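Written out below as structure tokens is the structure these notes cover.
Read-outs: derived from the displayed coordinates by stated rules, not from any lab. Fair warning: this is a prediction, and the values are worked out from it, not measured in the lab. Here Cβ is always computed from backbone atoms with ideal geometry, including for glycine, and neighbour counts include all displayed protein chains.
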Amino acid sequence: MTTTLKPVDAVLVGFGWTGAIMGQQLCDAGLNVVALERGPWRDTATDFATGFAQDELRYMWRHHLFQNVAYDTLTIRNNTTQQALPMRHLGAFLLGTGVGSGGVHWNGQIWRFLPSDFLTKSHNQQRYGKKAVSDYDLTVQDWGVTYDELEPYYDQFDRLCGTSGKAGNLNGKIQPGGNPFEGPRSSEYPTPPMIQTYAPTLFGKAAAELGHHPFPHPTGNLSEAYINPLGAQLGACTYCGFCEKFGCGNYSKASPQTTVLPYLMRKPNFTLKTESEVLRVQLTPDRKRATGVTYVNSAGEEFFQPSEMVILSAYVLQNVRLLLLSGIGRPYDPKTGEGIVGKNYAYQTMSSVNVFFDDKILNPFIGAGALATVIDDFNGDNFDHSGLGFIGGAYIAGMVTGGRPIEMIYTPQGTPNWGLEWKHAAAKNYLRSFSLSVHGSCMSHRGNYLDLDPTYRDIHGRPMLRMTFDFTENEHKMSDFLTDRAAEVARAMKPREIKLNRRTGSFSVVPYQTTHNTGGAIMGSSPEDSVVNKYLQCWDVPNLFSMGAGAFPQNAGYNPTGTVAALTYHAAREITTRYLKNPGPLVQA
Amino acid sequence: MSSHDELDVLRSDPESIVDLDRRRFLVGGAVAGIGGVAAAAIHDGELGGPPQSFRGSVPWQEGTADAPPGASGSAYAFFSPAEALFIEAAVARLIPNDEVGPGGVEAGVPFFLDRQLAGRFGQGDHYFLGGPWPKGTPEQGYQSRFSPAQLYRAAIMAIDQYVGANFNGAAFSKIATGDQDKVLKGLESGDIQLDGGVDSKSFFGMLLQNTKEGYFSDPIYGGNKNMAAWQMIGFPGAHYDYKEWVPRHGERVPYPPVGFKGRPGWTES
């Protein structure tokens, strides 16, 4: 039996970063808002207090804060000739669940994409010719929104988080000490950059000697105490080295809990329901309007929540799956190239270089999620790609997120994985090694997409999402070129030895890479080539909005959260100023 | 139907529902047979708690801190005597003992493995084990129907059978250490194939990973005895604040390792 609830103005499906931001914006506009979160309530004092937050086994390896695949997973294959099989244990990416979701256990790496990243097709075509954007069956697109349009909203997210960093481009003027390649910023970071430990400092010196332009990584692990515009207070980071995969017990990492919830939870027009999983979006018979959502709670009770507006604010993979399960938009077919929902799934192309010293104590356990010195000289189109045979790039970071010993012991090339030789290498190198991270873009490709699995079902009997994905030649060439550049910096640090961990072979679900899944509900300037318009409004169902990195037509060489948040604020602004007065399409098709 | 949704259905003015905090709904949950003590135990930070609704305040509930469950006792709860012999022998080869640092056995890894396999990890609480179960490609990762506990049980039996057939009926624990290393390498590479539906590479990967977990995790879980593995590499453990050390480049941090329950020096041996 399905119980019909009282109608609301807006229902949020999922309650991480985009749900929290959208909830705050819509409630401030006076709407009656209900958020449905499939996982539990979480707060700092209860769930990751400093007394037990630094627990590598429980959080990283036992997945205590992550989506439990026993309840819900997806199937994965490299190409359509294979049978997709379930991700039976989280590996390559660590999906979130619960209040705050991935915003609880992220590293806090806050980036803006480059102005040219929003014009991936037109910019590269203009500079390198048509072949550059169509080789290897690439299906890259422009975003339908520009950096300049998003800048105020990037700035808004920085002020929400109190982002620590140093501007490299203030209103068009290049600033010493910052990233000279970034798009123009309207204001300086709210708080100064973190203080760099030894390893990132050595990286910065070596990179500068090579003529590169090192700068401190912008970070949501705060360098000093900060009170944000909502009145939420964050404390200075203590460099404990437990950010990614962990909750911060110190209120030092920007998260929905530390930046939005203290304000939003007090609003009388906001209701949060936990342990409540949305099964599908309900539509009118003509399928042009969403009437609400059907959800089931952990007691097995099913409800219909009618709503004037439906906001998909779950993770990329859940948003795309809900679109497919609800019959919204045309599913993408890689054979014909027709259809749009599920198209242009992309990821992040990661590689690294380990650096080993004899004479330098690096203390890798003194770390933070975004504690790094970075060069952006080889990201996006910051360098001439002529003759290189690829588009895109990566930032290279001398980064120390922590020294958690189960995960982060580096041993030299040729060291076995066990036995006395391994133990001796671990004992010798732990304090004297670190890793350069190469954080690469991932272009979209005709054969990479998301759809519904024909075989495997979740606990509700719904088809699982099916991911078909592999790295293409563009990504392999980009990653090799960038890994070589990282190796040059590594050698310039004059270590005893280095080890290159190149991105080779097919995508594997086993080793952790990064939880930066993108695409499948892409944005654009027309319903022919996108699911949502520049305000993340569904072309086919104008009272449905789909948040998150699903909107990325391809992925840039940066962490996605800054852009995800900026797109959310950009959409919220348009909804509250224009849509509410006159509900309907915000962009005419 | 849970109480909060009844309220939403029956009341005409949702604005009148304020200050519905966690405490109230845990009390509401008691009507459905969930007592206060059980409710606290349910709050394990993962899916599966009672549905709750929050409005008008930041929820707060005493006695629900999500502290980690430690290992207790000393006798094996999961491993049979024969299995224990295999595990102790294998762990001693994966991380041998010498003057540089503790071996896996000396660090308590077999006891750690036992408690992990006897508990929720062993039951596969974070594994999807539903069918069908084709083998898949290496890139598709773990594709067994076995939970970790089932896999250990089946694999240890299959390995002892393999060793018996190739080493004159001996068990793994009884053959020379050089031969043990050869068997372990054969499992690691997949060159040794096992009976009983066990994928040798999958099992070896899990055993090695779990062994390193027991070696380097907080001692509350039963391994990393006296934090000697942390001492060996120079990891100070669960320190909370390194601010004063951030600018002190190249200096050795002199703190002895500390865990959730304090330092080894603070307790009698």
Place a point 7 Å from Cα of A:Asn79 in the direction of its Cβ. Which residues in segment B:114-149 have their backbone N less than 16 Å from it? B:137-140
Name the shape class, rounded, prolate or oblate, that the alpha-carbon gyration tensor gives for segment A:338-452, where a ≥ b ≥ c are the square roots of its eigenvalues, rounded holds for a/c under 1.5, and otherwise prolate holds if a/b is larger than b/c and oblate otherwise. prolate
Check A:Thr3: other-chain or 5+ apart residues with amide H under 5 Å from its amide H, H built from backbone geometry? A:Glu302, A:Phe303, A:Phe304
Within straight-line cross-link reach of A:Lys581, aspartates and glutamates at Cα separation under 19 Å, skipping those fewer than 8 residues along the same chain: A:Asp9, A:Asp28, A:Glu308
Extension gain, A:Leu170 back to A:Arg502 (0.36 nm per residue minus Cα-Cα distance, nm): 116.0 nm
Provide the packing ranking of B:141-149, A:156-164, A:359-367, i.e. peptides ordered by the mean count of other C-beta atoms within 10 Å per residue, highest first. A:156-164, A:359-367, B:141-149
Net +/- balance of residues flanking A:Ile76 in space, Cβ distance below 13 Å, scoring K and R +1, D and E -1: -1
Give me the percent of DSSP beta bridges within chain A that run antiparallel, rounded to the nearest 5. 70 percent
Enumerate the lysines that B:Lys261 could reach by cross-link, defined here as Cα to Cα under 20 Å, with residues fewer than 8 away along the same chain left out. B:Lys225
Once phi for every residue in segment A:246-260 is put through the Karplus expression 6.51 cos²θ - 1.76 cosθ + 1.60 (θ = phi - 60°), the whole-Hz ³J(HN,Hα) values, with Gly and Pro written as x, are 10, x, 8, x, 9, 6, 9, 9, 4, 8, x, 4, 8, 10, 10
With x for Gly and Pro, the residue-by-residue ³J(HN,Hα) of segment B:188-204, computed from phi through the Karplus equation 6.51 cos²θ - 1.76 cosθ + 1.60 at θ = phi - 60° and given in whole Hz, is 4, 7, x, 5, 8, 9, 10, 7, x, x, 9, 7, 5, 5, 4, 5, 4
For A:Lys494, counting only lysines whose alpha-carbon sits under 16 Å away and dropping same-chain residues fewer than eight positions off, the answer is A:Lys205, A:Lys360
What does the charge add up to near A:Thr349, with Lys and Arg as +1, Asp and Glu as -1, over the other residues with Cβ less than 9 Å from its Cβ? 0
Can you tell me the order of A:82-91, A:344-353 when each peptide is scored by its average per-residue count of other Cβ atoms within 10 angstrom, highest first? A:344-353, A:82-91
Take the alpha carbon gyration tensor of segment A:429-490, find the square roots of its eigenvalues, order them as a ≥ b ≥ c, and report rounded if a/c is under 1.5; if not, report prolate when a/b exceeds b/c, else oblate. oblate
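Please compute the net charge surrounding A:Ile361, taking Lys and Arg as +1 and Asp and Glu as -1 over other residues with Cβ under 14 Å from its Cβ. Spell out each step's value before the answer.
Numbers: positive: A:Lys360, A:Lys428, A:Arg432, A:Arg496, B:Arg248, B:Arg252; negative: A:Asp358, A:Asp359, B:Glu251.
Cβ neighbours under 14 Å give a net charge of +3.
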